[in-house]
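Here the structure is laid out as structure tokens; the discussion comes afterwards.
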Amino acid sequence: MTKLEYLKESPSQTAGPYVHIGCTPNFIGNAGIFKEDLGARMVNEQSKGQRITIKGRVFDGTGTPLKDALLEIWQADSEGLFNSPSETRGDADPNFTGWGRQPVNLETGEFCFETVKPGSVPFPDGRAQAPHINFWIVARGINIGLNTRMYFPEEEEANAADPVLSRIEHRVRVPTLIAKQSGDTYTFDIYIQGENETVFFDI
Amino acid sequence: MSKPTTNAGPFFPRDRNWHPQALSPNYKTSVLRSPQKALLSFGNTISETTGPVFGHNMLGELDHDLVLNYAKPGESALGERIIVHGHVMDEEAKPVPNALVEVWQANAGGRYRHKKDGYLAPLDPNFGGCGRVTTDENGYYAFRTIRPGPYPWPNGVNDWRPSHIHFSLFGSGFAQRLITQMYFEGDPHIPMCPIVRTINDPAAIEMLVAKLDMNHTVPMDARAYRFDIVLRGRRSTMFENRMEGN
């Protein structure tokens, strides 16, 4: 009889309150080890597409913002291509990394990403996905990183047809994934628990 | 050894009973920081199967040497000198090359170089507690550091963390992203720790316990610990769903 032999994934553990030491040392003043914090800059002067700012906070079950969270985002460029070796559909904008990492402010809990608005990317069956940004959130008390997505409020039609948003059974929860817009600034608040709990993904 | 993974398909589903549960009441901070509603499961799209990759040329000369990378010239960090090394593989035991491994830890006295850590143990002026390395073409990594000390933390009245090193890993796709902790073989604090015990299966905990490796120890210099890491495997794209007729 054939026996299937697979390894198990290493189990996750919390990033703890001092994640900055390893991931954003310059942010907490531990200068001189790395020249700059990885993921701090996603764009440069030559990046193509519409520049946007994404701000927000991460709230616990009492509505208190987390002061020790770290967020990472991953997204397509303005044409819908990923700056990744696994991208086989074409070459992404070399002046846009697609990946960002930001700690929240230690006093206010606010995070801020300077990026570009992503283009649409295909779902595996060929349908279009609405423009979106993948989020990954770690912090003390979070035992395994939380995955979610941010969508854009002005993309009403695309959002209505999005294959992932369409999977959300309780339609009242869809707005938890849609940012609020003010000019080129989007606010995306994340609620770990409570009435407005953000939809988190098992991907 | 098998060949490095070249698949670009979806990742194997995560075994969420193997990983710690989000809500683990004995780790008190998790109570208000765990989602209460079910996660939405869906197969990977290209947003999850792609991910950033970091080149070896991004790294500084001492990024993998925590004994020296914060030390004044001619000095070095205090504590038990150790080399931590191992393979990063996927669930099919294929090596994961070019994986970025970031580490951070307390000093030999159990104190972190962080403005929010007020533990009594003193800072070591020669120790920053931060390093990084990328795996080679065979998925192998190694860095040098000092063994971190255990320290007390406010959870129960008298909870102590076992000596541990935090690890952050990037594979080839964003859905492989993983943060975990490495413990040291023989540490009596491991089975007592509420954070370790967020993991239910003893075999899963065992994966996070590094083994003393005398063969890689550098005589008269530093002992070695072996710590292998497994990231999610992925399918080939050969039979993935496409629109009929495409």
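Where a number appears in this text, it was derived from the coordinates with a stated rule and is not lab data. Everything numeric here is computed off the predicted structure, so don't read it as measured data. A quick note on method: Cβ atoms are made from the backbone with ideal geometry, for glycine too, and the neighbour counts reach across all protein chains shown.
Run through the DSSP bridge list for chain A and note the antiparallel percent, rounded to the nearest 5.
Here the antiparallel bridges make up roughly 85 percent for chain A.
So which GluC sites (Glu not before Pro) in segment A:28-104 end up in coil per DSSP with only 12 or fewer other C-beta atoms within 10 Å?
Passing sites in segment A:28-104 are A:GLU36, A:GLU45.
Please list, by residue number, every one of the trypsin sites (Lys or Arg not before Pro) in segment B:1-89 that is coil in DSSP and has at most 14 other beta-carbon atoms within 10 Å.
B:ARG16, B:LYS37
Using the Cα centre as the reference, give the magnitude of the dipole from point charges on the C-beta atoms of segment B:51-231 (Lys, Arg: +1; Asp, Glu: -1; all else neutral), rounded to the nearest 20 debye.
The dipole of segment B:51-231 has a size of about 600 debye.
Taking neighbour counts of Cβ atoms within 10 Å as a proxy for exposure, in what order, fewest first, do A:SER86, A:SER182, B:SER172 appear? Please list the in-between numbers first.
Numbers: A:SER86 18, A:SER182 10, B:SER172 27.
So the residues, fewest neighbours to most, are A:SER182, A:SER86, B:SER172.
For a test of the definition: using alpha carbon positions, the gyration tensor, and the 1.5 limit on a/c, classify segment B:1-131 as rounded, prolate or oblate.
oblate
Answer with one residue from B:PRO152, B:GLY171, B:ASN138: the one whose Cα lies farthest towards the positive end of the charge dipole of segment B:51-231, charges on Cβ with Lys, Arg +1 and Asp, Glu -1.
Going by the Cα projections, it comes out as B:PRO152.
In percent, what relative contact order does chain A have, based on Cα pairs under 8 Å that are 6 or more apart in sequence?
Numbers: 419 pairs, mean separation 48.2, N = 203.
Relative contact order here is 24 percent.
Cβ under 14 Å from A:VAL116's Cβ, A:VAL116 left aside: what net charge do those residues give with Lys, Arg +1 and Asp, Glu -1?
Once all neighbours under 14 Å are counted, the net charge is -2.
Given Cβ point charges of +1 (Lys, Arg) and -1 (Asp, Glu) and nothing else, what value in debye, to the nearest 20, does the dipole of the protein assembly as shown about its Cα centre take?
That gives the protein assembly as shown a dipole magnitude of about 800 debye.
Using the crude model of +1 on Lys and Arg Cβ and -1 on Asp and Glu Cβ, and no other charge, please compute the dipole size for segment A:19-191 relative to its Cα centre, in debye to 20.
Approximately 360 debye in magnitude.
Express in whole angstrom the spacing between the alpha-carbon centres of segment B:51-97 and segment A:2-46.
Going from one Cα centre to the other spans 13 Å.
Among bridges DSSP assigns within chain B, what percent are antiparallel (round to 5)?
The antiparallel proportion sits near 75 percent.
Read phi for every residue in segment A:119-125 and hand back ³J(HN,Hα) as whole Hz from Karplus 6.51 cos²θ - 1.76 cosθ + 1.60, θ = phi - 60°, with x for Gly and Pro.
My calculation for segment A:119-125 gives x, 7, 10, x, 7, x, 8 Hz in order.
Within segment B:118-217, list the GluC sites (Glu not before Pro) lying in a DSSP loop whose Cβ has at most 15 other Cβ atoms in a 10 Å radius.
The qualifying sites are B:GLU137, B:GLU185.
State whether segment B:137-246 is rounded, prolate or oblate according to the following rule on the C-alpha gyration tensor (a ≥ b ≥ c being the square roots of its eigenvalues): a/c under 1.5 gives rounded; otherwise a/b larger than b/c gives prolate, and the remaining case gives oblate.
Judged from the Cα gyration tensor, segment B:137-246 comes out oblate (a/c at least 1.5, b/c at or above a/b).
What does DSSP give for the protein assembly as shown in terms of the percent of beta bridges that are antiparallel, rounded to the nearest 5?
80
Suppose R0 equals 41 Å; then what is the FRET efficiency for A:LEU4 and B:LEU123 from their Cβ-Cβ distance, rounded to the nearest 0.05?
Computed FRET efficiency for A:LEU4 and B:LEU123 comes out at 0.25.
Counting only pairs 8 or more places apart or on different chains, how many lysine pairs in chain A have C-alpha atoms closer than 28 Å?
Pairs that pass both the separation and distance tests number 12.
Express the relative contact order of segment B:51-231 as a whole percentage, based on alpha carbon pairs under 8 Å and six or more residues apart in sequence.
Here the relative contact order equals 27 percent.
Let me make sure I get this right: for chain B, a, b and c are the square roots of the gyration tensor eigenvalues over alpha carbons, sorted descending. Under 1.5 in a/c it's rounded, otherwise prolate if a/b > b/c, else oblate. Which is it?
It comes out oblate by the Cα gyration axes.
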